[in-house]
1. Just give me the residues in the range 14-50 being among the aliphatic types (A, V, I, L, M), assigned to a loop (DSSP other than H, G, I, E, B), more than 17 Å from N89 (Cα to Cα) and touching a residue at least 40 places away in the same chain (Cβ under 8 Å), in sequence order.
2. Determine which member of the set V188, V217, V150 is more than 20 Å from D39 (Cα to Cα), out of contact with any Ser or Thr (no Cβ under 9 Å at 6 or more places or on another chain) and crowded, with 19+ Cβ neighbours inside 10 Å.
3. Looking at the range 163-177, is at least one residue within 13 Å of the chain's Cα centre (by Cα), touching a residue at least 12 places away in the same chain (Cβ under 8 Å) and either surrounded by fewer than 21 Cβ atoms within 10 Å (Cβ to Cβ) or within 30 Å of K12 (Cβ to Cβ) (or both)?
4. Check V142 against each of (1) within 19 Å of H60 (Cβ to Cβ); (2) surrounded by 22 or more Cβ atoms within 10 Å (Cβ to Cβ) and name the one condition it does not meet.
5. Looking only at the range 29-42, decide whether some residue is in contact with a Pro (Cβ under 7 Å, 6 or more places away or on another chain) and closer than 15 Å to K2 by Cα.
6. Here is a list: D18, D39, D75, D57. Which entry is touching a strand residue (DSSP E or B) at 6+ places or on another chain (Cβ under 7 Å) and not polar (S, T, N, Q)?
7. Let me confirm something: among G109, G100, which residue is at positive phi and either in contact with a helix residue (DSSP H, G or I) (Cβ under 6 Å, 6 or more places away or on another chain) or among the polar types (S, T, N, Q) (or both)?
8. When the range 84-99 is examined, which residues are found to be open to solvent by 40 Å² or more (accessible area, probe 1.4 Å) and charged (D, E, K, R)?
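The values are calculated or read from the model by the stated rules, or taken from the named source; none is laboratory data. Note that the structure is predicted; figures quoted are calculated from it, not measured. Glycine also receives a Cβ, built like all others from the backbone with ideal geometry; neighbour counts cover every protein chain displayed. The accessibility values were calculated without ligands, DNA or RNA, using every heavy atom of the protein model including side chains. Shrake-Rupley method; radii C 1.70, N 1.55, O 1.52, S 1.80 Å.
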Amino acid sequence: MKLLTVNVGRPKTVEYSDAPGGATGIDKRPADGPVAVRDPGPKGVGASGLAGDTVCDLRHHGGSDQAVYAYAREDLDFWERELGRPLANGSFGENLTTSGLDLNGTKIGERWRVGPDLVLEATSGRIPCRTFGGWLGERGWVRRFTQQGVTGAYFRVLVPGEVRAGDPIEIVHRPDHEVTVALAFRAVTTERELLPRILAAGDALHPEELRTAREYVAKYGDGDDGDQAAPSGPQGASGDRTGAREGRTTV
């Protein structure tokens, strides 16, 4: 299990960005040397956790619970076959392109040591937005990505450190619950009836998803005691589309 590349992006003005000024940092390229990674601070104030990386829309992107985004090379290879085009490391706007890890099977609260010092904790999957679709230029991309559920994972930074291409990745803690990145993603997007199950991840879960799950249970119950059925589809307990509305990508 290792880190193939560390990817950072510079701001670029495009027509498909929702950010003020129309800029995005989704075009991420492998860095040549080591990159410092730290907790960037709360959402709305903090941006990317990687030095030299750009997050342009602080309303919806960046911050402590979305400090680092990782995507597996194996999943990029899957999408290469599906789309019939090459996808370089960083193509999905990921900060870390990994090898030998099941990102979608990563548990919420799972901790990785990357390189000698950096420790990360998984918080959620990546929910696609219009900028991601515009960047790839694939018709219906947001829906297609959502339906496939191969999301990659967001992490918060527990211990800062420097990382570089080739660094080993070690899983140093794996929680004793069933809530994977893929399960949490399905719960907040296409299978809202799963929301009670993701509460098992507790405070390790991205706070927006934790709040949505709690609101759902408060309104509809946990599904085990005959409470009223919740509506199917992506509408949540508050009538919103958590993540889908906000598009939590690293841009």
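1. V14, A19
2. Going through V188, V217, V150 in turn, just one is more than 20 Å from D39 (Cα to Cα), out of contact with any Ser or Thr (no Cβ under 9 Å at 6 or more places or on another chain) and crowded, with 19+ Cβ neighbours inside 10 Å: V150.
3. No, the range 163-177 contains no residue that is within 13 Å of the chain's Cα centre (by Cα), touching a residue at least 12 places away in the same chain (Cβ under 8 Å) and either surrounded by fewer than 21 Cβ atoms within 10 Å (Cβ to Cβ) or within 30 Å of K12 (Cβ to Cβ) (or both).
4. (2)
5. So far as the range 29-42 goes, no, none of its residues is in contact with a Pro (Cβ under 7 Å, 6 or more places away or on another chain) and closer than 15 Å to K2 by Cα.
6. Residue meeting the stated conditions: D39.
7. G109
8. R85
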